[in-house]
Amino acid sequence: PVPVDRLLKKAAEPVQILLELKGQRLQAECPPGLVWQGDEAWTAEALANILKNCVEQTPPGGCITVAARQNPLYTHITVRDEGGGVPAEDLPHLFRRFYRGKHAASGSAGIGLALSHALITAQNGTLMVENVPGGALFTAKLYEPGCGPHAR
């Protein structure tokens, strides 16, 4: 069992300096008491990669919002940036290993989001991205044991 608020804090640690350098805020919304059953370290790594991407795409002074909620089937975690969205031609390829999108950060190897996708799907979860007004929205669904797209 993993407290979701602790998971989100652990995921945010690696991007704290980047947030400060760009004058950005990270807003987290997680109801108290949310608990998910999975691998805390790997899931925090997956979320940290998503957060890093969002920090890179959001302009200085912007805000990245992380929100968690739960239902009987899965824990739902969203990460939203203010970076203007993902170019339409990049959306179908964003989680491919070594893919560098149109607005990829200089020095990007194209493995962070692919790794996030692999770590979440390996735990019977799903990871999606879509454009929303003013930015991109990443949605992870972390299914409870026995539920989800790859339930055994």
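Numbers at a glance
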quantity	calculated
Members of region 42-63 found to be of a type in the set (A, V, I, L, M, F, W, C) and open to solvent by less than 60 Å² (accessible area, probe 1.4 Å), listed by number	44, 46, 47, 48, 50, 51, 54, 55, 63
Residue check for residue 14: at pLDDT 95 or above and surrounded by fewer than 21 Cβ atoms within 10 Å (Cβ to Cβ)	yes
Some residue of region 69-86 being basic (Lys, Arg) and buried (at least 19 other Cβ atoms within 10 Å of the Cβ)	yes
Pair list, Cβ < 8 Å and 6+ apart or interchain, from region 68-79 residues that are modelled with pLDDT of 95 or more and of a type in the set (Lys, Arg) to residues that are open to solvent by less than 80 Å² (accessible area, probe 1.4 Å) and not in a strand (DSSP E or B)	69/31; 69/34
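Here is a yes/no grid of residues against (1) touching a Gly at 6+ places or on another chain (Cβ under 6 Å); (2) over 23 Å from residue 125 (Cα atoms); (3) surrounded by 13 or more Cβ atoms within 10 Å (Cβ to Cβ); (4) among the polar types (S, T, N, Q):
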residue: 1; (1), (2), (3), (4): no, no, no, no
residue: 4; (1), (2), (3), (4): no, no, yes, no
residue: 20; (1), (2), (3), (4): no, yes, no, no
residue: 28; (1), (2), (3), (4): no, no, yes, no
residue: 33; (1), (2), (3), (4): no, no, no, no
residue: 65; (1), (2), (3), (4): no, no, yes, yes
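The values are calculated or read from the model by the stated rules, or taken from the named source; none is laboratory data. Quantities reported herein were computed from a predicted structural model and do not represent experimental measurements. Counting neighbours? That spans all protein chains shown, and the Cβs are built from the backbone with ideal geometry, glycine included. Accessible surface areas use protein heavy atoms only, side chains included; no ligands, DNA or RNA. Shrake-Rupley method; radii C 1.70, N 1.55, O 1.52, S 1.80 Å.
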